[in-house]
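First up is the structure itself, then whatever we jot down about it.
Read-outs: derived from the displayed coordinates by stated rules, not from any lab. Source: prediction; values computed, not measured. Cβ placement follows ideal geometry from the backbone for every residue including glycine, while neighbour counts extend to all protein chains displayed.
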Amino acid sequence: NGLVKHFPLHGGVLGRQTGAVRAVDDVSFVVRRGRSLGLVGESGSGKTTVGRTVLGLHQKDAGEVRFAGHDLHALDKAALRRLRPQLQLVFQDPLGSLNPRLRVGDAIGEALLAHGLCPREALRERVLAVMASCGLGEEHYSRYPHEFSGGQRQRVGIARALALQPALIVADEPVSALDVSIQAQIINLFADLKQQGVSFLFISHDLAVVEHLCEDVAVMYLGQIVEQGSREQVFGQPRHPYTRALLSAIPVADPDARRERVVLQGEPPSPANPPAGCRFHTRCPQATAQCASVVPVVHRVAAGHQVRCHLMA
Ligand code: SF4
């Protein structure tokens, strides 16, 4: 709620702070139990910073992150450690987060032992069960991370997160590095987990994947959410010019359903120096004079559907 995260920029011979990257600026959303919120936007929009700040891997500058009634950033270390297993992160490629000298079965079991969630004598059985739920057989238990393909490593990363029986998984571009057929397997696995009550904050630039997996969608541009709502609202009745431009680039099989292509000019400006007024005005095909100077507020255009744009006033 109202999450803000800026990263200081330092320069000059004295390394003084010269500015800040305004990675996340007043971001609010809700991830509901057993549902998936897709956070979409171009690279540099602040999606990853949101995910990491939610999990407490970055300290926030303002706002709050509430999980199951707790203000996560206000908890002391012991209380946070108790909650930690319920909040897990899955990366794009977990290879960098897996100890290359640890067999994957041991890597998955390590966290269970560290959090006192499983007695040592029952560990192997518990790890094998969670590996099986991710499509990894007993033969994979004793292998090392480098012996796995990209898709299998992603399953290992998910199994390691799942072993802790999380309530929320922050999945940051979890299928971007995978072949399309493997992507489908991992997405189906996520869908099964949702059925079991696991919630996802699903960070992706791939709108087709988000449309398939997520019931709720938030679109980010330069550190702010510009539109959010249900999948049907955001994909079916997009209102923000940026959302419309993003969606117009998705290939559609049905020629009658094809959207008019909106091509955005240029790259997003630097989050260290976002444009005044509406941050999207330098690229917006519908910008007016007002947009360059007046910051748009968030308008509620339907129940649960919010848009940050002057055109909605
Ligand atoms: Fe475009 Fe203006 Fe709306 Fe921003 S506020 S998205 S510049 S029309």
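Couple of notes before you dig in:
- Which of GLY105, GLY135, LEU72, positive extreme of dipole for the chain (C-beta unit charges): LEU72
- Once the Cβ-Cβ distance of ALA303 and ASP192 is raised to the sixth power relative to R0 = 35 Å, the FRET efficiency obtained is 0.75.
- Pairwise label distance in nanometres, GLU267 with GLN17, each label 7 Å out on the Cα-Cβ vector: 2.6 nm
- Förster radius 25 Å - calculated FRET efficiency between ASP106 and ALA129, Cβ distance, rounded to 0.05: 0.95
- Helix-only [θ]222 nm of the chain, DSSP H runs n ≥ 4, -39500 (n - 2.57) each, per residue, nearest 500: -7500 deg cm²/dmol
- At 0.692 mPa s and 37 °C, Stokes D of the chain from Kirkwood alpha-carbon radius, µm² per second: 157 µm²/s
- Residues with amide H under 5 Å from that of SER36, placed H, sequence gap 5 or more: PHE200, GLU215, ASP216
- For the range 163-278, the Cα-based Rg and Dmax, in that order, read 15.9, 46 Å.
- The alpha carbons of the range 87-179 stretch over 37, 28, 22 Å along the principal axes, in descending order.
- Debye intensity ratio in log₁₀ form over the Cα atoms of the range 217-302, taken at each q of 0.11 Å⁻¹: -0.32
- Relative pair counts by distance (%), Cα atoms of the range 1-97, 10 Å bins: 13, 41, 33, 11, 2, 0
- Span-like helix ranges in the chain, DSSP H, alpha carbon extent 27 angstrom or more, Kyte mean at least 1.6: none
- Only lysines eight or more places from LYS5 in sequence, or on another chain, were considered; those with a Cα closer than 28 Å are LYS47, LYS60, LYS77.
- Residues in the range 83-116 that a label on HIS146 would reach, taking backbone N under 20 Å of a point 7 Å out along Cα→Cβ: 93-108
- Percentage relative contact order, the chain, counting C-alpha pairs under 8 Å, at least six apart: 21 percent
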